[in-house]
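Peer 1: Submitted below is the structure of interest, expressed as structure tokens.
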């Protein structure tokens, strides 16, 4: 199975045209709550999201739906690699790699956070109590994978 398209999306969350266009293509509005994830749309900032496309044409459909709306829609699929980390020691390993608070009350399932991890930068998505996806720049993926294997 092919990796999903990764789309960098920037826009004005207060613009109803922007929200309506995103909903029409993605089936959900970009989340407005910091560090949250909704339907494969990751909050990165007040006007910035990472979208994991579900259909091969999501990028072109999103660009078309947003035509005339002040925004940016960019394919960034080649810039990040997704590494999965799960199991009983997943939280312990992540705690040794970065300074986020991984207590479920602070970082519940469905959360995401951009952070420094093992001396590189990444986006960590908690899918379940002991299940994470780490999005890291392609050029650092081999390093981080090795670091996680050693930990």
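The values are calculated or read from the model by the stated rules, or taken from the named source; none is laboratory data. Remember, it's a predicted structure, so these values are computed and weren't measured experimentally. Cβ coordinates were reconstructed from backbone atoms using ideal geometry, including for glycine residues, and neighbour counts include every protein chain displayed.
Peer 1: So which of 105, 67, 61 ends up being under 17 Å from residue 8 (Cβ atoms), surrounded by fewer than 19 Cβ atoms within 10 Å (Cβ to Cβ) and at pLDDT 95 or above?
Peer 2: Matching residue, one of 105, 67, 61: 61.
Peer 1: Just one of the numbered conditions (1) part of a strand (DSSP E or B); (2) within 30 Å of residue 24 (Cβ to Cβ) is not true of residue 115; which one?
Peer 2: Result: residue 115 passes all but (2).
Peer 1: Something else now. For the stretch 85-92, check the following and say yes or no: at least one residue is assigned to a strand (DSSP E or B), at negative phi and surrounded by 14 or more Cβ atoms within 10 Å (Cβ to Cβ).
Peer 2: yes
Peer 1: Residue check: is residue 30 farther than 15 Å from residue 125 by Cα, surrounded by 14 or more Cβ atoms within 10 Å (Cβ to Cβ) and not assigned by TED's automatic domain parsing to the domain that holds residue 142?
Peer 2: yes
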